[in-house]
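Working notes for the structure below.
The values are calculated or read from the model by the stated rules, or taken from the named source; none is laboratory data. Note that this is a predicted model, so its numbers are computed, not measured. Every residue, glycine among them, receives a Cβ derived from its backbone with ideal geometry; neighbour counts consider all protein chains shown.
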Amino acid sequence: MTVPLDEILDPTAGPDPLDNAVWASLTGPAHAALAVGGDLARRYPAEVSPFAALRDHRDPASWDALAGLLDPGEAIVLSAPGLEVPPDWRVVETIPGVQMVATPRLVDARDEGDAPTTVLDPDADTPAMLDLTRRTRPGPFLRRTATMGTYLGVRGPDGELAAMAGERLHPAGWTEISAVCTDPAHVGRGLASRLLRDVARGIRARGEVPFLHTGAQNTRAIRLYEHLGFELRTPTVFVLVGAPR
């Protein structure tokens with residue numbers, strides 16, 4: 001049974017885990033077993049996700065701890081509102097982004113059409129998922145990204161993977177929807193919307209709230225997400241950084 005959204009959200013529950021969503025995911029019950037690191041800094045294994053997080057980005061000790069988790073020359077992605085990178089760290093790329101959260105409209109709408117969604121296998125389907133994400137570039141998707149949560153797909157007439165969407169970050173009480181993408185040959189059929197809503201329904205059914213991130217300049221995607229039932233929570237930033245040499 002789907003839990004009503006207004007019963008999940010509790011404004012009196014204390015600090016919002018989405019204020020440092022990657023850290024909340026790496027320290028939460030769903031992904032703690034995937035985390036590498038300790039009390040000050042953690043990261044996902046390189047084949048799972050390029051994301052890392054600091055307990056407190058204002059604390060120099062947290063940055064020192066993160067440096068100890070990186071291989072020489074390696075760069076990793078950090079994301080948090082108000083993130084400030086120390087001047088001795090190497091900033092490879094900075095991408096402004098937005099964080100959006102679901103409203104009840106997201107899953108209350110009913111989809112029409114005859115394109116059934118199926119659960120993708122994180123082993124057998126990963127080659128097809130890697131191929132689709134390489135061609136459509138919805139964001140980082142690596143060899144073991146599919147182990148972060150449930151991924152759904154729609155098959156084309158020849159069995160090819162036509163579209164997909166799934167779960168990435170998993171702070172307690174929340175699940176991020178990610179890797180929403182459609183093969184160019186199948187655009188215009190509403191597959192991405194159907195998949196996004198089906199993933200969201202699965203999240204809501206276990207008493208959690210869907211959220212997502214996208215680039216601030218990706219206005220087309222933002223308009224689609226707003227139309228489907230997401231609303232802006234906060235601006236954020238994605239920073240690809242390397243440790244001091």
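I'm trying to understand the selection: among the residues of the stretch 176-226, which are of a type in the set (Val, Ile, Thr) and either over 17 Å from Val119 (Cα atoms) or modelled with pLDDT under 95 (or both)? Steps first, answer last, please.
Applying the first criterion (of a type in the set (Val, Ile, Thr)) to the stretch 176-226 yields 177, 180, 182, 187, 199, 203, 209, 214, 219, 222.
Once the filter is applied, which keeps residues that are of a type in the set (Val, Ile, Thr) and either over 17 Å from Val119 (Cα atoms) or modelled with pLDDT under 95 (or both), the stretch 176-226 yields Val187, Val209, Thr214, Thr219, Ile222.
Could you list all residues from the stretch 171-191 that are out of contact with any Phe, Trp or Tyr (no Cβ under 8 Å at 6 or more places or on another chain) and either under 16 Å from Val107 (Cβ atoms) or assigned to a loop (DSSP other than H, G, I, E, B) (or both)? Answer for the stretch 171-191, where residues must be out of contact with any Phe, Trp or Tyr (no Cβ under 8 Å at 6 or more places or on another chain) and either under 16 Å from Val107 (Cβ atoms) or assigned to a loop (DSSP other than H, G, I, E, B) (or both): Pro171, Ala172, Gly173, Val180, Asp183, Val187, Gly188, Arg189, Gly190.
Against the list (1) of a type outside the set (Phe, Trp, Tyr); (2) touching a Gly at 6+ places or on another chain (Cβ under 7 Å); (3) surrounded by 15 or more Cβ atoms within 10 Å (Cβ to Cβ), the condition Thr133 fails is (2). For the stretch 36-61, taking the residues that are surrounded by fewer than 19 Cβ atoms within 10 Å (Cβ to Cβ) and among the small types (Gly, Ala, Ser), the one that is farthest from Pro86 (Cα to Cα) is identified as Ala46. Checked against the criterion of being outside the structural domain of Pro86 (by TED's automatic domain parsing), surrounded by fewer than 17 Cβ atoms within 10 Å (Cβ to Cβ) and free of Cβ contacts under 8 Å to residues at least 60 places away in the same chain, the stretch 159-166 contains one or more residues that satisfy it. Suppose the filter is part of a helix (DSSP H, G or I), modelled with pLDDT of 95 or more, farther than 29 Å from Gly207 by Cβ and polar (S, T, N, Q); does Ser25 pass it? No: the conditions fail for Ser25.
For the stretch 76-100, taking the residues that are under 17 Å from Arg233 (Cβ atoms) and not in a strand (DSSP E or B), the one that is modelled with the highest pLDDT is identified as Leu83. Within the stretch 193-204, residues that are farther than 18 Å from His170 by Cβ sit with their Cβ atoms under 8 Å from residues that are charged (D, E, K, R), at 6+ positions apart or across chains, in these pairs: Ser193/Asp111; Arg194/Asp111; Arg197/Asp111.
Count of the stretch 116-145 residues, restricted to those that are farther than 20 Å from Ile203 by Cβ and assigned to a helix (DSSP H, G or I), is 10. Would you confirm, using the coordinates I've provided, whether Leu195 is part of a strand (DSSP E or B) and either crowded, with 20+ Cβ neighbours inside 10 Å or outside the structural domain of Thr118 (by TED's automatic domain parsing) (or both)? So Leu195 fails the test.
Residue by residue, here is whether (1) closer than 16 Å to Ser79 by Cα; (2) in contact with a strand residue (DSSP E or B) (Cβ under 7 Å, 6 or more places away or on another chain) holds:
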residue	(1), (2)
Pro210	no, yes
Gly215	yes, yes
Arg220	no, no
Arg223	no, no
Glu231	no, yes
Thr234	yes, yes
Gly242	yes, yes
Arg245	no, no
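Among residues of the stretch 61-75 that are in a strand (DSSP E or B), those with a beta-carbon under 8 Å from a residue that is exposed (fewer than 13 other Cβ atoms within 10 Å of the Cβ) at least six positions away or on a different chain give the pairs Ala75/Val92.
If Thr103 satisfies every condition in (1) β-branched (Val, Ile, Thr); (2) surrounded by 19 or more Cβ atoms within 10 Å (Cβ to Cβ); (3) at pLDDT below 95 but one, which is the exception? With (1) β-branched (Val, Ile, Thr); (2) surrounded by 19 or more Cβ atoms within 10 Å (Cβ to Cβ); (3) at pLDDT below 95 applied to Thr103, the lone miss is (2).
Exactly one residue out of Phe211, Phe238 is touching a residue at least 12 places away in the same chain (Cβ under 8 Å), of a type in the set (Phe, Trp, Tyr) and either out of contact with any Ser or Thr (no Cβ under 6 Å at 6 or more places or on another chain) or not in a strand (DSSP E or B) (or both): that is Phe211.
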